[in-house]
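Working notes, structure below.
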Amino acid sequence: MNSMLRKSVLGIAGLAFTGGVFAGPVAAHADARPVEGRPVAVATVQGAQSKIDLNGEQTANAKAIIAATKKAGLPERAAVISIATSLQESKLENLGHLGDKNDHDSLGLFQQRPSSGWGTPEQITDPEYSTLAFLKGLKQVDGWQDMPLTEAAQTVQVSAYPDAYAQWEQQATDIVAHNWNS
C-alpha cells in the first residue's frame, strides 16, 4: 500500500476512534433528558441521584437563585450548580441559626458563615445576596463551566463532604430547565 493511501486510511480510522471515544460518553447519558425538551444544562450526571418534593418556599428560593444567576449574567449551568449546592446544604430552605444543631455559624440557602467572610447574618439569609456571593466564588474557579458539578461546588464551599453535591445534579437541572424562561 502506498504511503499516501496508508496515511489516509490511518487518518480515517483515527477519526472514527476519536469520534467513538467522545460520542460514547454522550450516548451513555442520552437518557438524561431535560424537562420539556430543553437543552441540557449539565455535562453528565454523576452517581446515584437524590430528589425531594419542593414546597412553596423551596420553589421560591430556587426561582430566587435563578433570578440572581441571570442578574449576574451567568448561564444556566451556574444556576444548576447553585441549586444543587443549596439542595445539599439546606434543601433549598433559608435556614437561620439552628442553635445546638447548627454547623458552626452557618446560615441561609448555602450554609455560608459570617465568620468566614460571606457577609452578615442578614445578608447571608437574603437569597439574592447569598446566591450572588456563591456565584462570585464560582466565577473565580478556573474552568468551572466544564468541571463536574461536585468539583465546582466543592471548590467554592469547601465542604467536609465534597462528593455530596453530585446527588442533586439531575433535580437541579430539571428545576433550571423548568424555570429558566418563566
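Values as computed for the structure displayed
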{"quantity": "Carbon and sulfur %, accessible surface of the range 117-182 computed with the full protein complex present, 1.4 Å", "calculated": "50"}
{"quantity": "Binned Cα-Cα distances of the range 43-90, short to long, each 5 Å bin given as a whole percent", "calculated": "5, 19, 28, 25, 17, 7, 0"}
{"quantity": "14 Å Cα cut-off, lysine pairs counted over the range 46-182 (separation 8 or more, or different chains)", "calculated": "7"}
{"quantity": "The range 109-119 - phi-based ³J(HN,Hα) in whole Hz, Karplus 6.51/-1.76/1.60, Gly and Pro as x", "calculated": "5, 10, 6, 7, 10, x, 5, 9, x, 6, x"}
{"quantity": "Cut-off under 5 Å, modelled amide H: who pairs with L109 long-range", "calculated": "L95"}
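The values are calculated or read from the model by the stated rules, or taken from the named source; none is laboratory data. Predicted model, so just to flag it, every value in this text is computed and none were measured. Ligands, DNA and RNA are stripped out before the accessible areas are found, and what is left, the full protein with its side chains, is counted by its heavy atoms. Shrake-Rupley method; radii C 1.70, N 1.55, O 1.52, S 1.80 Å.
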